[in-house]
Amino acid sequence: MSTSHAARRTWWARRTSHVARVEWAPVKPTPDPIGEDVREVALATMRQAKFPILASLDGDQPRARPVSPVRTDEFTVYVASFRSSHKTAELARNAKVELCYMSDKHDQVRITGTADVVTDRAVIQQIWDSNPLLRSYLVTIDNPEFVLYCITPTQVRFMREWALEYHEVAL
């Protein structure tokens, strides 16, 4: 250590000797309590958030994109897509997905599951009939570009804003 550096350290030590040393610990925010029914809180978060992020795999590269569910039955989510989209090709290779809903308060619902192509004509017809936006894009239910996925949950987790702790939601 050079003489000038040692002198500066000695000067700084004398100058700050009266300052109390404070140990800093990370402060974890205290989130609002969830209450008894985490399932209902998770469903309310999904209704408020509306547009989840869908994560899938493109080979070994994760891909995420916002989606607009065309139907939601509790934690089972239906998503329409174009047959020619990258998403459709990814799901054909690996149907494992995760949906993440985040409310304006940053509460999260994460649905882990599989995305399977819906072939039941009655289900497709019900969704088609109830969704004017879908009809405006695809014009006809028999459009060869139209593919409908049902995301079936294998796990659902809820996290209150910044709690850094997930709560399992019963399926």
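Dipole size in debye (nearest 20) for region 61-171 around its Cα centre, Lys and Arg Cβ +1, Asp and Glu Cβ -1?
On the way: 13 positive and 14 negative charges, 68 e Å.
In debye, rounded to 20, region 61-171 gives about 320.
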Note, ³J(HN,Hα) from phi for region 116-128, Karplus 6.51, -1.76, 1.60, rounded to Hz, x at Gly and Pro: 10, 5, 7, 10, 5, 4, 5, 5, 4, 5, 4, 5, 4
Using the alpha carbon gyration tensor of region 37-169, what are the three equivalent-ellipsoid semi-axes (square root of 5 times each eigenvalue), largest first, in whole Å? 26, 17, 12
Can you list the residues, at least 5 places off or on another chain, whose amide H is less than 5 Å from the amide H of Val118, using H built in the peptide plane? Leu148, Tyr149, Cys150
When the Karplus curve 6.51 cos²θ - 1.76 cosθ + 1.60 is applied with θ = phi - 60°, which whole-Hz ³J(HN,Hα) does each residue of region 101-113 get, with x for Gly and Pro? 9, 10, 6, 5, 9, 6, 5, 10, 10, 10, 10, 9, x
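No lab work stands behind these numbers, since they all come straight from the coordinates. Keep in mind it's a predicted model, so treat the numbers as computed, not measured. Positions of Cβ are generated from backbone atoms using ideal geometry, with glycine treated the same way; all protein chains shown enter the neighbour counts.
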